[in-house]
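Visitor: Dropping the structure in here first, questions after.
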Amino acid sequence: MSTENYRHMQDFFMNHLRLLHYPIAIRYVFDQDELDRFKKDVPHYVPGKALTFCQAEIGARMEGLTVLVEKERLGCANAKFVFGWKGLDEAEIKSHIKYVKDMAQAEAFVTSKPRLPEGKLLAVVVSPLADAYAPPHVVHFYCDNMQAYHLAVDWMSAMNVHPLKPSMTMNSAACGGNVQAYNSRAMNVFLACSGSYNAGKTERGEINVSIPGDQLPLVMERLKSRIEEHGGASITRVGHPFPGADICKNCPLISFKKADAPDESAPAS
């Protein structure tokens, strides 16, 4: 798919779903030749200091930057574990103890996280979808409740999958949630973890939606067909353009009136 097509997809989703953030194209780089070509041919940025993965995504979704994250520039042990850049150790288990009952449960929960093959990943590239240099493995949306709902409904319809089964892990929202979508080949919807809420700047209460990159055109075509059929992207108010209009369709029926006072002169029964 050409850069022009990726830009069209970004503009389409941002316009019709009223997105605040750029959709993030995530590319996991496992091949040294690809990494070398990227560094030579693609204008990009690197973290000035080691960042968490969700902080690196800020550059893509808020500033429109293409950001290359290599192991030494990733300052998050949880993400390093999920990306296969470190193995399981006592420090990783202890970092989860505040969430769980005991060390045994912490170890069980950490080892159940989605992971990339250990030692295989060379780098991660995040960029606005419009600037994807290669087919993204996952496209990550930061959106509100109704934007997430519209994406989920259109994905389920396009892929003929129901119900959608989200996957959420402790303390690894952006890193683990996207790896889950990559590994499972299915859309994922998940909440911010404690780290991505503050460090990753999701204090507006954004909801995470991750869609395998090769499935996103199918979601776009489904949304297009709804717009053509009904005149707008909205499911909450069919035919309207705004996807999250907070207006009850039965407003004229929701009304209240003061009850008549009881007649105190009437004889008691």
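None of the figures in this text is laboratory data; all of them are computed from the coordinates on show. Please read all numbers here as calculations on a predicted model, not as lab measurements. Backbone-built Cβ (ideal geometry, glycine too); neighbour counts: all protein chains shown.
Visitor: Using amide H atoms built in the peptide plane, which far-off residues or other-chain residues are under 5 Å from Ser167 H to H?
Guide: The list, which skips near neighbours in sequence, is Val189.
Visitor: Can you tell me how the stretch 1-41 classifies by the Cα gyration tensor, rounded, prolate or oblate, using a/c under 1.5 as the rounded cut?
Guide: In terms of gyration-tensor shape, prolate.
Visitor: Here is a further query. Tell me, what HN-Hα J-couplings in whole Hz come from the Karplus equation 6.51 cos²θ - 1.76 cosθ + 1.60 at θ = phi - 60° for each residue of the stretch 89-98, using x for Gly and Pro?
Guide: 9, 5, 5, 5, 5, 5, 5, 9, 5, 5
Visitor: A follow-up question, please. Below 8 Å between Cα atoms, with a sequence gap of 6+, how large is the relative contact order for the stretch 3-246 in percent?
Guide: 24
Visitor: Same structure, new question: Roughly what would the spin-label model give for Arg204 and Asn160, points 7 Å off Cα along C-beta, in nm?
Guide: 3.7
Visitor: Would you work out the relative contact order for the stretch 117-269, in percent, from Cα pairs under 8 angstrom that are 6 or more residues apart?
Guide: 23
Visitor: Work from the charge dipole of the stretch 61-114 (Cβ charges, +1 for Lys and Arg, -1 for Asp and Glu, about the Cα centre) and give the residue of Leu68, Gly84, Ala106 farthest towards its positive end.
Guide: The residue sitting most towards the positive pole is Leu68.
Visitor: For the stretch 1-72, what is the relative contact order in percent, using Cα pairs closer than 8 Å and at least 6 residues apart in sequence?
Guide: Over the stretch 1-72, the number comes to 29 percent.
Visitor: Stretch Tyr197-Glu90 to full length: gain in nm at 0.36 nm per residue minus the Cα-Cα span?
Guide: Contour length minus Cα-Cα distance gives 36.0 nm.
Visitor: Scan the stretch 211-250 for trypsin sites (Lys or Arg not before Pro) in coil per DSSP, keeping those whose Cβ has at most 10 other Cβ atoms within 10 Å, and list them by number.
Guide: Qualifying residues, ordered by number: Lys249.
Visitor: Roughly how many whole Å is it from the C-alpha centroid of the stretch 95-141 to that of the stretch 22-70?
Guide: So the two Cα centres are separated by 15 Å.
Visitor: Determine the alpha carbon to alpha carbon distance for each of Lys39/Lys80; Lys49/Lys165; Lys39/Lys113; Lys39/Lys224 and list only those over 27 Å.
Guide: Long pairs (Cα-Cα over 27 Å): Lys49/Lys165; Lys39/Lys113; Lys39/Lys224.
Visitor: Which angle between 0 and 90 degrees, to the nearest 10, do you get for helix 3-17 versus the longest principal axis of the chain when only C-alpha atoms count?
Guide: 20
Visitor: Along the stretch 67-81, what does the Karplus equation 6.51 cos²θ - 1.76 cosθ + 1.60 (θ = phi - 60°) give for ³J(HN,Hα), rounded to whole Hz, x for Gly and Pro?
Guide: With coefficients 6.51, -1.76 and 1.60, one gets 10, 9, 10, 9, 3, 6, 9, 9, x, 9, 5, 4, 5, 4, 5 Hz.
Visitor: Quote the FRET efficiency, to the nearest 0.05, computed for Arg7 versus Val100 with a Förster distance R0 of 35 Å and r equal to the Cβ-Cβ distance.
Guide: Step by step, r from the Cβ atoms, then E = 0.20.
Visitor: Moving on to the next point. For the stretch 50-61, what does the Karplus curve 6.51 cos²θ - 1.76 cosθ + 1.60, with θ = phi - 60°, yield as ³J(HN,Hα) per residue in whole Hz, taken in order and with x for Gly and Pro?
Guide: 4, 10, 6, 5, 5, 6, 4, 5, 4, x, 6, 7
Visitor: How tilted is helix 216-230 with respect to the longest principal axis of the chain? Cα atoms for both, answer in degrees (0 to 90, nearest 10).
Guide: 20
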